[in-house]
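The values are calculated or read from the model by the stated rules, or taken from the named source; none is laboratory data. This is a predicted model, so every value here is computed, not measured. Note that we place each Cβ from the backbone using ideal geometry, even for glycine, and neighbour counts take in every protein chain shown.
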Amino acid sequence: MHRFGAILIVSGPSGAGKSSLIKAAKNQIGEYYFSISTTTRAPREGEKDGVDYFFVDHETFEADIKAGEFLEYAQVHGNYYGTSLKPVREALEAGKLVIFDIDVQGHAIARERMGDLITSVFVTTPSLSELERRLKSRGTDDEEIVKKRIQNALVEIEYVTAYDFLIVNDDFEKAVDSFIAVAKAARLKKGRKQALSFVNRWRES
Ligand code: 5GP
């Protein structure tokens, strides 16, 4: 049977531990494709072009918008971030689980466009003060940027209600277990088109 893929959207404030969770769960969620976003933000220390993000300038990003390259894009903390449509479509056709680490605006847009293929999870710290502590101790961003991220987190948290699952990243091991369960559930989700074609085949065989 031809299996169509599914999408798992992971959102939550910067510093809540989204990328660490995805990395820790990596070997336990089966084959997946992590959607590498394009951004106009400058690379952080240790980040590589084509691995963490595709780093581009403003003009290139805007040209890509015009060319219809993005499944969704948004401005976050004053920079553009976007998900390219083509690799996502290919991964879905290959039956893979596609994981997006995108913000709440991107989640809303993707839901509108591909809602029935999407499972979503919001990852956050147990409290605002804990988020502040983690962002400061990460030490990769200067004070002004940390402030912006915290202000943004206060807005983002309001969107929790739009997500299927919530993971409070307090005990990391437990959060990883929850994330694995969510990723496995996401794989089992089917779009309407896939469900209808299954029903037709089921009747005929
Ligand atoms: P950071 O600068 O910390 O890597 O990411 C900042 C925020 O942008 C995070 O909330 C992250 O989920 C979000 N983000 C990363 N890539 C994308 C994308 O392609 N689209 C959208 N809408 N948000 C993204």
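Which number in (1) in contact with a strand residue (DSSP E or B) (Cβ under 6 Å, 6 or more places away or on another chain); (2) within 24 Å of Gly78 (Cα to Cα) marks the one condition that Lys148 misses?
Going through (1) in contact with a strand residue (DSSP E or B) (Cβ under 6 Å, 6 or more places away or on another chain); (2) within 24 Å of Gly78 (Cα to Cα) one by one, Lys148 breaks only (1).
Give the residues of the stretch 84-98 that are surrounded by fewer than 20 Cβ atoms within 10 Å (Cβ to Cβ) and aliphatic (A, V, I, L, M), sorted by residue number.
Of everything in the stretch 84-98, those that are surrounded by fewer than 20 Cβ atoms within 10 Å (Cβ to Cβ) and aliphatic (A, V, I, L, M) turn out to be Leu85, Leu92, Ala94.
Checking the conditions here, which among Asp116, Asp64 is surrounded by 14 or more Cβ atoms within 10 Å (Cβ to Cβ), part of a helix (DSSP H, G or I) and not assigned by TED's automatic domain parsing to the domain that holds Ser178?
Asp64
Would you check if there is a residue in the stretch 72-89 being of a type in the set (Lys, Arg), within 10 Å of the ligand (Cβ to nearest atom) and at negative phi?
No, every residue in the stretch 72-89 fails to be of a type in the set (Lys, Arg), within 10 Å of the ligand (Cβ to nearest atom) and at negative phi.
Does Ala42 satisfy the criteria of being surrounded by 11 or more Cβ atoms within 10 Å (Cβ to Cβ), in a loop (DSSP other than H, G, I, E, B) and in contact (Cβ under 8 Å) with a residue 12 or more places away in the chain?
no
Could you list all residues from the stretch 1-21 that are within 11 Å of the ligand (Cβ to nearest atom) and surrounded by 19 or more Cβ atoms within 10 Å (Cβ to Cβ)?
Ile9, Val10, Ser11, Gly12, Pro13, Ser14, Gly15, Ala16, Lys18
Would you check which residues across the stretch 132-174 are in a helix (DSSP H, G or I) and under 16 Å from the mean Cα position of the chain (by Cα) and list them?
Scanning the stretch 132-174 gives Ala153, Glu156, Ile157, Tyr159, Val160, Ala162.
Restricting attention to the stretch 115-141, which residues are under 20 Å from Ala6 (Cβ atoms), touching a residue at least 12 places away in the same chain (Cβ under 8 Å) and away from the ligand (no atom under 14 Å from the Cβ)?
Matches in the stretch 115-141: Asp116, Leu117, Thr119.
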